[in-house]
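The values are calculated or read from the model by the stated rules, or taken from the named source; none is laboratory data. Treat the numbers as computed from the prediction; the structure is a model and nothing was measured. With ideal geometry, Cβ positions are generated from the backbone for all residues, glycine too; neighbour counts draw on all protein chains shown. To get the accessible areas, we keep the full protein, side chains included, count just its heavy atoms, and leave off ligands, DNA and RNA. Shrake-Rupley method; radii C 1.70, N 1.55, O 1.52, S 1.80 Å.
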Amino acid sequence: METLRLPDTEEGILAAAEIIKRGGLVGMPTETVYGLAADALNEAAVTEIFKAKGRPQDNPLIVHIANTEMLSPLIASLPEKARLCLDAFWPGPFTAVLPKSSLIPSSVCAGLDTVAVRMPSSRTARRLIELSGLPIAAPSANTSGAPSPTSAEHVLHDMDGRIDAVIMSEPCSVGVESTVVTFATEQPRLLRPGGVTLEQLRELVPDITVDPAVLEKIAPDRPVASPGMKYKHYSPKCSVTMVKGSSDEFAKFVNSRKGEQACALCFKEDEPLIEARTLLYGSGTNAGEQAAELFDALRALDDMGCTECYAHAPALDGVGLAVYNRLIRAAAFKVVIL
Ligand code: TXA
Ligand code: MG
């Protein structure tokens, strides 16, 4: 199949909406990462999403909406704490897991009785949803297991020839995926940290809990609240080790190990101290910058031909929690503490 490159204009978005309406797949920019968009109510189109990504069938999709009127047909109920969060964080990088209505095909939710819903702030994504007049199912537009795409080029790298079109927009401003919170449990629970921070959530819902899978490896036989957390994720081809310590400690550690094939994934402040090849992901004191640059750096790592990569761990506050959560998965939970 030829993958159309559509401009990020009213005309381009209209062409993308026509593709969605007839059951096709479109690479859709959002403020977090690019999504692989299809009609959420069309079972056959949803099946094509799973095929194009090579995604396991038991990993449910997020349904994207453009306005609050689109929410009620999708859900069975809206708990008060969820409503508070939606009022505060929509449109934006926030996904609520809620009891689902019968309108949603079971393949979207992988047979669960809940549905994940998000209203993106991206103008293009919202316009695409409006023009198609449909709720849009969209996982990140990467091959399953690869880092999420933060540019149209990343989407084409993984999906060229496998999907109908990509909207050729700007790189994503947030750079990590949305925050996922389930409201289907007694207390709201953070399933995946993202652009909306835990600190922001605690202000509204002080009793929110953090799923253990956010920071730790979950044993394969243990049930997980969010199926996505059990899969290999964000994996570059070379072996990554996350290293916790100060800039000086990190540099000393890397410099004592450098060989032809080693490199450092680090902050710009670290760079002058490192003797090995480096890939940068923002400043050590700016988690927003780290989030915006991390996935591009992980993709670039594949082209460097290294066998070992030492990644300087970010701080855990603010969006840093999301950056840490993605990086520790890229490192397959291998951590060195200095
Ligand atoms: O920012 C984002 O959320 C991006 C953009 C495109 O919107 N989308 C995204 O989708 O990251 P995806 O499919 O790559 O990640 C969705 C996550 C997965 O970890 C999945 O398991 C979880 O949300 N999820 C979806 N539906 C769920 C449900 N009903 N219950 C629990 N977790 C769910
Ligand atoms: Mg994904």
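When only Cα pairs under 8 Å and 6 or more residues apart are kept, what is the percent relative contact order across the stretch 36-164?
On the way: 214 pairs, mean separation 46.1, N = 129.
Computed value for the stretch 36-164: 36 percent relative contact order.
Give, in whole angstrom and from largest to smallest, the semi-axes √(5λ) of the equivalent ellipsoid of the stretch 247-338, with λ running over the eigenvalues of the Cα gyration tensor.
Values: eigenvalues 73, 41, 31 Å².
So the equivalent ellipsoid measures 19, 14, 13 Å along its semi-axes.
Using 0.36 nm per residue, how much length does the chain from LYS244 to ARG277 gain when fully extended, once their Cα-Cα distance is taken away?
That works out to 10.0 nm of additional length.
If you take the beta carbon distance between ARG22 and ARG123 as r and set R0 to 25 Å, what does 1/(1 + (r/R0)^6) give as a FRET efficiency, to the nearest 0.05?
E between ARG22 and ARG123, to the nearest 0.05, is 0.60.
So for the pair THR209, THR68, with labels modelled 7 Å out along Cα→Cβ, what separation do we get in nm?
2.9 nm
Which percent of the accessible area of the stretch 253-338 is formed by carbon and sulfur heavy atoms (probe 1.4 angstrom)? Walk me through the numbers on the way to the answer.
Working: 1760 of 3490 Å².
After summing per-atom areas, the C and S share lands at 50 percent.
May I ask for the percentage of alpha-carbon pairs in the stretch 126-200 that lie more than 16 Å from each other? Could the numbers behind the result be given before it?
Working: 1761 of 2775 pairs.
Roughly 63 percent, once rounded to a whole number.
From the Cα gyration tensor of the stretch 55-172, with a ≥ b ≥ c the square roots of its eigenvalues, which class applies: rounded if a/c is under 1.5, or else prolate if a/b is larger than b/c, or else oblate? Write down the numbers at each step before the final one.
Values: a/c = 1.94, a/b = 1.43, b/c = 1.35.
Prolate, since a/c reaches 1.5 and a/b exceeds b/c.
Assuming R0 = 45 Å, can you tell me the calculated FRET efficiency for the pair ALA332 and GLU11, based on Cβ-Cβ distance, to the nearest 0.05? Intermediate values should be presented prior to the final figure.
Details: r = 44 Å, r/R0 = 0.97.
Result of the calculation: an efficiency of 0.55.
Could you state the accessible area per residue of the chain in Å², with a 1.4 Å probe and every protein chain left in place? Intermediate values should be presented prior to the final figure.
Details: 13770 Å² over 338 residues.
Each residue of the chain exposes 41 Å² on average to a 1.4 Å probe.
Run the helix sum for the chain: -39,500 (n - 2.57) per DSSP H stretch of 4+ residues, divided by residue count, reported at 222 nm to the nearest 500 deg cm²/dmol.
-8500 deg cm²/dmol
I'd like to know which of SER140, LEU316, PHE183 lies farthest towards the positive end of the charge dipole of the chain, counting +1 on Cβ of Lys and Arg and -1 on Cβ of Asp and Glu.
PHE183
Order 116-124, 314-322 from most to least packed using the mean count of other Cβ atoms within 10 Å.
On the way: 116-124: 23.1, 314-322: 21.0.
Going from most to least packed, we get 116-124, 314-322.
P(r) for the chain: what percent of alpha-carbon pairs falls in each 20 Å bin, starting at zero?
33, 57, 10
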